[in-house]
Amino acid sequence: MKQLLILSGKGGTGKTTIAGAFIKLANAKAYADCDVDAPNLHLVINQSSEARQSDYYGLAKAEINRDLCVQCDMCRQNCRFEAIKATPEYKVDLYACEGCGVCKAICPAGAVSLKPARAGELMLYVDDTVFSTAELKMGSGTSGMLVTEVKKQMKSAAENTDLAIIDGSPGIGCPVIASLSGVDMVLIVAEPSISGISDMERIIKTAEKFQPKIAVCINKYDTNIENTKKIESFCQKHELPFAGRIPYDPDAVRAINNGMSIVDIDCAAGRAVKDVFDKTMKILYI
Amino acid sequence: MKIAIPVDEKSIESSVCISFGRTPYFLIYDMESKKSIFLDNSAAASQGGAGIKAAQTIVDNNVGALLTPRCGENAAAVIKAANVKIYKTINDSIIDNINALNEGKLALLDDIHAGFHNHGGK
Amino acid sequence: MKIAVLSGKGGTGKTLVAVNLAAAAKESIYIDCDVEEPNGYLFFKPRDIKSEKITIKIPIIDERLCKGCRKCVDFCKFNALAYINDKLIVFDEVCHSCGGCVLFCPEKALTEKEKIIGEVQRGVSDNVTVITGILNTGEASGIPIIKKLLSDTSAGKGLTFIDCPPGSACIVMESIKDADYCILVAEPTLFGVHNLNMVYNLVRLFDKPHGAILNKCLDGENPAEKFCIEKGIQILGKISFDNELGTLNSNALISVRENMKYRDMFSALLQTVTKEVRHETAINP
């Protein structure tokens, strides 16, 4: 299975819009939304079947048994994450706890245990296509592992599929690193703004460590031609294949708001995405 | 020499697992006596650092070689520190790969990928 | 007064709002907590930058003292340690700095060293003190940098704007924990609504007073506005989709410093916001 990951570094550059269009254009039989912090792909892709849901357990969290606690304060003093509060009863702040187990090991009264905590939910839609997605519970930290689970459940449900399209998450941190592992190619959706360029450079640096093929396209290129040219010359200088320009298009917003992909209607952005898609496929299958 | 292979099920007829760190089982196979033992991989459920823990497990079982389709940077560091050789599997058949090793047809794994670091982290 | 600016997804105009509100104030502090992709400093181009490296603690082993009992290896929930060929190996980037290995080593063979994961930069841009957190690429967690960013801002009488990371994960919670008020920035798309809903739940969970700013408004239906009305979220203001504003912003220029039109717009918005915050802090001190 060839895996194409769509990333942007900066949020809101149109990653999901482009992923949605690619899925339609490729008639992809397998796709996943790895933006588990703010999943959106399901909004542009209609699923006829019901999702198979499963709970996702993140890191175990500490729990203090009040009946056994002798209030020695050792757990609080040794917790590096300031996760234990004396109120005056000793309690664990589940949002701060990282499950390291120091409190459990140091407690002289055996009052602390580590309990698995539900950190999110995985959803898998299987009909003639396989769509894997998940949503992280608010304030849960272990998003990278959930990303790995999303990709795993997609792969095992769509073993004999030749192409999978994966919508990544913004940033350069742990969920992005998890979504990068094992992909064949990364398409970076850049935005012609100074912020967008700065973020693009950081995401390329992060992605390069995994040695996938990397290509760049520019969304809303006409909102700033000068910056568009800067991105293109950056790509030339770093020998990154350039997959094309997509214009800003209010029709695209309307398509999305009607639950459609931008290639479902005839619009300038949709036509440009087709071109980007063709170039991307060529690079992926070289 | 004993060798280790990440496998999907506790059977020599099953297949090589694509993930080293998160494989459900390891086959520890003795090339001389042809005996096989299957180990549960306790690292599979780890939030992070699964490759490191899995590598520790196979090193502790005194193997001379690891046969795997892929291996992360951290796991490779552990395995190399123990002077265990890492060979790249040719397909997902366990028996094919053992035979290929016997015939000297397996190449050393050279593309160590950058790992899934810390994906259990915040 | 600390005001956090957040949005479920990126690219809604969080930085646009935070930067311009800060610039429209007479005197203010702008803190960029989006440490993975900090952008505010690109707008402010602060001068007199003082940089402080942010470190976390990583164990180091004294091999002369280690007897190979492996207590540390067994203890570490993150598998950051391995014991191979009579030697302990530490994997820095997997370590969560919990300190457990050091604490429980019976031979006291482990101590800690500092490892740099990023930096905090402080500078000045006219009326705004700009504080930026930057996470080094390849590092997984920016939480220690955010903690640092928020720990030493004097909770003075002035206005502080906190530009939060996107999403609603722990990193965002950390950013809004101490905020007096939260501004939710939303786009007029179905994506925008879905993500607005996420941050809306987050600010409710933390019981933070909040209001919304609708950005990139086009003619016609605005699903984000509809959502605000349904949920009773106060709409602080609307910013229309505007090519000129978009161009200024994409060139990393601060609109209120470039054009009186925008100065007036953001000043009015700032007034609404400060009035709201005062109102909220008066009834919920």
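Which members of region C:1-51 meet the condition of being of a type in the set (Phe, Trp, Tyr) and within 12 Å of the chain's Cα centre (by Cα)?
C:TYR30, the sole residue that qualifies.
Can you find a residue that is β-branched (Val, Ile, Thr) and closer than 16 Å to C:ASN20 by Cα anywhere in region C:253-270?
Within region C:253-270, one or more residues are β-branched (Val, Ile, Thr) and closer than 16 Å to C:ASN20 by Cα.
Report, by residue number, each residue of region A:56-89 that is touching a Lys or Arg at 6+ places or on another chain (Cβ under 7 Å) and at pLDDT 95 or above.
A:ALA62, A:GLU63, A:ILE64, A:ILE84
Could you count how many residues in region C:44-99 are at the interface with chain B (Cβ under 10 Å from one of its Cβ atoms), under 14 Å from C:GLU112 (Cβ atoms) and polar (S, T, N, Q)?
0
Read through the list (1) touching a Lys or Arg at 6+ places or on another chain (Cβ under 9 Å); (2) modelled with pLDDT under 95; (3) buried (at least 18 other Cβ atoms within 10 Å of the Cβ); (4) not aliphatic (A, V, I, L, M), then give the number of the only condition that C:ASP242 fails.
The failed condition is (3).
Could you list all residues from region A:86-124 that are crowded, with 20+ Cβ neighbours inside 10 Å and under 30 Å from A:LEU43 (Cα atoms)?
Matches in region A:86-124: A:ALA119, A:GLY120, A:LEU122, A:MET123, A:LEU124.
Residue under question is C:LEU184, and the condition is that it be crowded, with 17+ Cβ neighbours inside 10 Å and either modelled with pLDDT of 90 or more or under 21 Å from A:ASP37 (Cβ atoms) (or both); does it hold?
Yes: the conditions hold for C:LEU184.
Is there a residue in region C:61-73 that is crowded, with 16+ Cβ neighbours inside 10 Å and either part of a strand (DSSP E or B) or at pLDDT below 95 (or both)?
Within region C:61-73, one or more residues are crowded, with 16+ Cβ neighbours inside 10 Å and either part of a strand (DSSP E or B) or at pLDDT below 95 (or both).
If I ask for residues that are outside any helix (DSSP H, G or I), touching a Cys at 6+ places or on another chain (Cβ under 9 Å) and not hydrophobic (A, V, I, L, M, F, W, C), which ones from region A:64-98 would you list?
Hits for region A:64-98 are A:ARG80, A:GLU89, A:TYR90, A:TYR95, A:GLU98.
Is one or more of the residues making up region A:33-43 among the aliphatic types (A, V, I, L, M), in a loop (DSSP other than H, G, I, E, B) and surrounded by fewer than 22 Cβ atoms within 10 Å (Cβ to Cβ)?
No: region A:33-43 contains no residue that is among the aliphatic types (A, V, I, L, M), in a loop (DSSP other than H, G, I, E, B) and surrounded by fewer than 22 Cβ atoms within 10 Å (Cβ to Cβ).
With the checklist (1) surrounded by 22 or more Cβ atoms within 10 Å (Cβ to Cβ); (2) out of contact with any Cys (no Cβ under 7 Å at 6 or more places or on another chain); (3) not assigned by TED's automatic domain parsing to the domain that holds C:CYS33 in hand, flag the one item C:CYS170 doesn't pass.
Among (1) surrounded by 22 or more Cβ atoms within 10 Å (Cβ to Cβ); (2) out of contact with any Cys (no Cβ under 7 Å at 6 or more places or on another chain); (3) not assigned by TED's automatic domain parsing to the domain that holds C:CYS33, the lone unmet condition for C:CYS170 is (3).
Here is a list of conditions, (1) at pLDDT 95 or above; (2) surrounded by 19 or more Cβ atoms within 10 Å (Cβ to Cβ); (3) not basic (Lys, Arg), and A:ILE204 meets all of them except one; can you say which number that is?
(1)
In the set B:GLY72, B:GLY21, B:GLY48, which member is within 14 Å of chain C (Cβ to nearest Cβ), under 24 Å from C:ILE89 (Cα atoms) and free of Cβ contacts under 8 Å to residues at least 60 places away in the same chain?
B:GLY72
From the set of residues in region A:220-254 that are under 22 Å from A:ASP184 (Cβ atoms) and touching a residue at least 40 places away in the same chain (Cβ under 8 Å), which is surrounded by the most Cβ atoms within 10 Å (Cβ to Cβ)?
A:ALA243
Looking at region A:240-262, is at least one residue assigned to a strand (DSSP E or B) and within 11 Å of chain C (Cβ to nearest Cβ)?
no
Could you look through region C:79-91, keep only residues that are in a loop (DSSP other than H, G, I, E, B) and touching a strand residue (DSSP E or B) at 6+ places or on another chain (Cβ under 9 Å), and pick out the one that is farthest from B:ASP60 (Cα to Cα)?
By that ranking, first place goes to C:PHE91.
Answer with yes or no whether B:ILE58 is within 14 Å of chain C (Cβ to nearest Cβ) and in a helix (DSSP H, G or I).
yes
Answer yes or no as to whether A:GLY182 is under 30 Å from C:GLY13 (Cα atoms) and either assigned by TED's automatic domain parsing to the domain that holds A:LEU94 or at pLDDT below 90 (or both).
When the stated conditions are applied, A:GLY182 does not pass them.
So which residues in region C:105-125 are in contact with a helix residue (DSSP H, G or I) (Cβ under 8 Å, 6 or more places away or on another chain), surrounded by fewer than 17 Cβ atoms within 10 Å (Cβ to Cβ) and not in a strand (DSSP E or B), if there are any at all?
C:PRO106
Name every residue in region B:75-93 that is β-branched (Val, Ile, Thr), part of a loop (DSSP other than H, G, I, E, B) and more than 12 Å from chain C (Cβ to nearest Cβ), in order of residue number.
Within region B:75-93, B:THR89, B:ILE90 meet the criteria.
When you look at B:LYS88, is it at pLDDT 90 or above and either of a type in the set (Asp, Glu) or surrounded by fewer than 24 Cβ atoms within 10 Å (Cβ to Cβ) (or both), yes or no?
Taking the combined requirement at face value, the residue satisfies it.
How about region A:152-201: which of its residues are within 12 Å of chain C (Cβ to nearest Cβ), part of a helix (DSSP H, G or I) and farther than 26 Å from C:GLY40 by Cβ?
A:ALA178, A:LEU180
Mind checking whether some residue in region C:16-29 is outside any strand (DSSP E or B) and under 23 Å from A:CYS174 (Cβ atoms)?
For region C:16-29, residues outside any strand (DSSP E or B) and under 23 Å from A:CYS174 (Cβ atoms): absent.
Mind checking which residues of region C:214-262 are away from chain A (no Cβ under 14 Å) and of a type in the set (Lys, Arg)?
Scanning region C:214-262 gives C:LYS231, C:LYS238, C:ARG257, C:LYS261.
The values are calculated or read from the model by the stated rules, or taken from the named source; none is laboratory data. Since we're looking at a predicted model, the values are computed, not measured. Backbone-built Cβ (ideal geometry, glycine too); neighbour counts: all protein chains shown.
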